[in-house]
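Reviewing the structure listed below.
The values are calculated or read from the model by the stated rules, or taken from the named source; none is laboratory data. Fair warning: this is a prediction, and the values are worked out from it, not measured in the lab. Virtual Cβ from ideal backbone geometry, glycine too; neighbours counted across all protein chains shown. All accessible areas refer to the heavy atoms of the entire protein, side chains included, with ligands and DNA or RNA removed. Shrake-Rupley method; radii C 1.70, N 1.55, O 1.52, S 1.80 Å.
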Amino acid sequence: MVNITINHLETSVPEGTTILEAAREIGVHIPTLCHLDLPDIKMVNRVGTCRVCMVEVEGKWNLTPACSTAVTPGMVIHTDTLRAIRARRTVVELLLSNHPRECLTCERNGTCELQSLAAELGIREIKFKGPRIHTEKDTTSYSIVRNAEKCVLCRRCETMCNEVQTVGVYSAVHRGFDCLIGTAFDLPMLETSCTCCGQCVSVCPTAALTETDDSAEVWEAIANPDLYVVAQTAPAVRVTLGEEFGLPVGTQVTGKMTAALRKMGFDKVLDTDFAADLTIMEEASEFIHRMKHGGRLPILTSCCPAWVKFIEHQFPDLLDIPSTCKSPHEMFGAIAKTYLARKLGVDPAKMVVVSIMPCLAKKFEARREELSGHEVGSNVDYVLSTRELARMIREAGIHFNALPEEDFDGVMGESSGASAIFGTTGGVIEAVVRTAACWLDPENPNPQIDFQQLRGIEGIREACVEFAGQKFCVAIAHGLGNARKLLTDIQEGKAQYDAIEIMACPSGCVGGGGQPYHGNNMEVLTQRACAVYNEDKGKSVRRSHENKEVLALYKEFLGEPYGEKAHELLHTRYQKRDQI
Amino acid sequence: MTQETAEWTEPAEPAEGYPEIDALFDSLPNKNGALIPLLHKAQEVYGYLSQEIQVYVAQKLNIPAAKVFGVATFYSLFNLEKKGQFKINVCLGTACYVRGAETILAAFEKELGIDQTETTKDGMFTLDSIRCVGACGLAPVVMIDDKVYGRVTPGDVKTIVDEHLGQGGQ
């Protein structure tokens, strides 16, 4: 232990502790900007670039960055001297002198960390005048918009993309005043290996990285009387949307969300959970088919579009292992524009499917060539993130918290508990196992429903489940760095599994890149996951193959699961992509 | 000018690999920190760091191409574009400057039809400026590759260019 003094308070902390950590421990607040420690997902950004956390250390002539300086025995630290306070103000003023000060019209107005910092330090005037960096916005990606003019060079995105996700799209490039966090060869984002997971957006303190905004197009479609606009909502949206309206983290707002969508003017308010059940029917069938016919195992879940893009760029030799199932919202689109359109007597060409997703990669996915075509055009026309939906609800003047609870519309609105847990890490594989357990052991009068061994928050988990006298080994990874480890083991023949679930975002979709900002607090993700499991528990039907609307769909339209019609509408293919 | 006599060799297609880079990589006892030596070697052999070479080095070291590009753009010593056979550097240090170096630079720009930092279309000359080369007694000074020209006047510029045009390809 090391004895130190901070602002005349004596304390003792373990060796290696930084001044910032020690100060936080005893309730002394030091402002920070670039610093970000998320130990749960092994994200450590201690680059010390912003100098906002400067403090005075007795015996040192210059000021010291608290975030990246370890305490030493007998250190006497002052965080609240005039010199330290002035230095921090100067640093923020310098940052602001090269920042477009357009807070009123900025996407991050109200959630920007630089804005809060300026408020906290009471900045009223920026003394420094000089040239500002001017760059073009990169709007090439279907998911993420880069605006380097608003970048404070904190390098959180770089750490997230390189260390946590191991994708490596960002790096500090060029030099001095021209330095920016850019891509290889200044390539537009669309031409890089970016998986569109949006985790960089989740940790960006400003609006340098934001999601593409599709709300205007959706409002247009809703207002167009010739179009029939269908909304579908992902499992993880209903447990986070409330946060945008000040409700406690983990509040389930399924009923209010449905009511809000109806008020906004969607013609049908339906549920991606229905399609999650459909996905399980197909994926469990594909799994059993591969098992019985000597197909390649493990089977990898394919619900997560960022993970699918990751394997296409990084492991092109493994493209035969992911399940060929489209992701649930894409299945939904394909069925809505055929089966549902026919049932409703709506011209499929006039039907617009809007997916409300916790995800930014779904925006990219919706633009994939292989997910349009057939007779239906694009399966999904627009994807909105949870944040975008919240903005639209506010824009429409809807008092969200006062809304009554309403149900989804029918035909594609029913869902099981198995689909609800798609929203968190381990959920998809548990849903598959629930159904496979029944199908492979039809004699068992009381098949298992809850598979606790598949739940949890560790980055890579493995477990074996047994039914019908057979043992199945499954693995679960969330976060693309963990996915890479698992895939490398498979590639090298070190790991033998029957099935694997991979989600690109830490904690799965509850931590998705399109979710309300978690404020750098990972506890939020755990609470959201709890809400997902509560939703599951509250359902009367908890296995996908018992969903009556799904069964009706097969009976009336699709025929057999994994059959010909199902292949045509519900399955897809993958393509090799460059690594850059 | 022909290919064979050029100072640098045209970078090979990535499919064929870059043997000089491979050889240096294999000879390094510690592969950590190999990035800058590999980039130096590539520039020495090929004259500049093409995108293909940067991607090749990235794959060799198993690091993102963005990181390689970050390092290549950080150090001004690395060229990202192909340079001319002769590198003309006009000194703009204080002594040269007060003795009219700017008019010398302008004369080269006019004679070659290019601006500072650019390369002539025929690949012969790259024009740039440098700061003091320590030969202030000879101001204004022009360096062409390693050769120093002192007390240059705007009238000398054409002669100097022609002299090198004559050498081109030799």
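Tabulated results
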item	result
Segment A:454-516 and segment A:301-361: distance between their alpha carbon centers, rounded to Å	21
Cα centroid of segment B:93-144 to Cα centroid of segment A:283-298, whole Å	71
Estimated dipole of the protein assembly as shown in Debye, rounded to 20 [Cβ of Lys and Arg +1, of Asp and Glu -1, Cα centre]	1620
Where A:Arg368, A:Arg132 fall by accessible area, highest first, once all protein chains stay in place (1.4 Å)	A:Arg132, A:Arg368
For A:Ile144, distant residues with modelled amide H under 5 Å away	A:Thr212
Residue-averaged 222 nm ellipticity for chain A, from DSSP H runs of 4+ at -39500 (n - 2.57), nearest 500	-8500 deg cm²/dmol
Among B:Gly134, B:Leu28, B:Gln54 - extreme Cα towards positive end, dipole of chain B, charges at beta-carbon	B:Gly134
Reduced Cα scattering model of chain A, Debye log10 I(q)/I(0), q = 0.05, 0.07 Å⁻¹	-0.23, -0.44
Accessible area buried at the B-A interface, both sides summed, 1.4 Å probe (Å², nearest 100)	1200
Nearest 10 degrees, 0 to 90: helix A:272-292 Cα axis against chain A principal axis	70
Loop trypsin sites (Lys or Arg not before Pro), segment A:77-121, which have at most 15 other Cβ atoms in a 10 Å radius of their Cβ (DSSP)	A:Arg101
Residue-normalised accessible area of the protein assembly as shown, expressed per residue, 1.4 Å probe, Å²	42
For segment A:49-191: relative contact order, % (alpha-carbon pairs under 8 angstrom, 6 or more apart)	17
Three-way shape call for segment A:281-343 based on the alpha-carbon gyration tensor, with the a/c threshold at 1.5	oblate
Spatially proximal aspartates and glutamates relative to A:Lys292 (Cα-Cα < 13 Å; intrachain offsets below 8 disregarded)	A:Asp498
Magnitude of the charge dipole, segment A:470-552, Cβ model with Lys/Arg +1 and Asp/Glu -1, debye to 20	120
Rounded to the nearest 20 debye, dipole of segment B:86-167 from Cβ charges on Lys, Arg, Asp, Glu	260
Whole-Hz ³J(HN,Hα) from phi, Karplus 6.51 cos²θ - 1.76 cosθ + 1.60, for segment A:332-344, glycine and proline x	4, x, 5, 6, 4, 7, 10, 4, 5, 4, 5, 4, 8
For segment B:73-170: lysine pairs under 19 Å (alpha-carbon distance), excluding those fewer than 8 apart on one chain	12
Net +/- balance of residues flanking A:Phe472 in space, Cβ distance below 15 Å, scoring K and R +1, D and E -1	-3
Whole-percent carbon and sulfur share, accessible surface of the protein assembly as shown, 1.4 Å	50
Loop trypsin sites (Lys or Arg not before Pro), segment A:429-501 (other Cβ atoms within 10 Å of the site Cβ: 16 or fewer; DSSP)	A:Lys494
Average other protein chain Cβ within 10 Å of Cβ, residues B:57-70	6
Contour minus Cα-Cα distance for A:Lys137 and A:Asp80 (0.36 nm per residue)	16.6 nm
Positive-end residue, chain A charge dipole about Cα centroid, Cβ charges, pick of A:Tyr554, A:Gln199, A:Thr233	A:Gln199
In segment B:30-123, the chymotrypsin sites (Phe, Trp or Tyr not before Pro) that fall in loop regions by DSSP, at most 13 other Cβ within 10 Å	B:Tyr75
Stretchable slack from A:Asp178 to A:Met522, in nm (0.36 nm times residue separation minus alpha-carbon distance)	120.5 nm
Karplus 3J(HN,Hα) series, Hz, for segment A:181-190 with 6.51 cos²θ - 1.76 cosθ + 1.60 (x for Gly, Pro)	8, x, 10, 4, 6, 6, 5, x, 3, 4
Longest exposed-site-free window of chain A, the sites being GluC sites (Glu not before Pro) in a DSSP loop that have at most 14 other C-beta atoms within 10 Å	A:137-374
Degrees between helix A:523-537 axis and first principal axis of chain A (Cα, 0 to 90, nearest 10)	20
Amide H within-cut-off set for A:Val2, under 5 Å, with H built and near neighbours excluded	A:Val13, A:Glu15
Mean separation of Cα contacts under 8 Å, 6 or more apart, over the residue count of segment B:31-170: relative contact order %	21
Mean ellipticity per residue at 222 nm, deg cm²/dmol - from DSSP H runs of n ≥ 4 across chain B, formula -39500 (n - 2.57)	-12000 deg cm²/dmol
Residues with amide H under 5 Å from that of A:Val52, placed H, sequence gap 5 or more	A:Leu33, A:Cys34
Kirkwood Rh in Å, taken over all unlike Cα pairs in segment A:469-580	17.9
Shape of segment A:133-211, Cα gyration tensor, a/c cut at 1.5	rounded
Cα long-axis angle, helix A:82-97 against chain A (0 to 90 degrees, to the nearest 10)	50
Furthest towards positive pole of dipole, A:Thr90, B:Met124, B:Asn79, structure part the protein assembly as shown, Cβ charges	A:Thr90
Rounded if a/c under 1.5, otherwise prolate or oblate - segment A:263-315, Cα gyration tensor axes	oblate
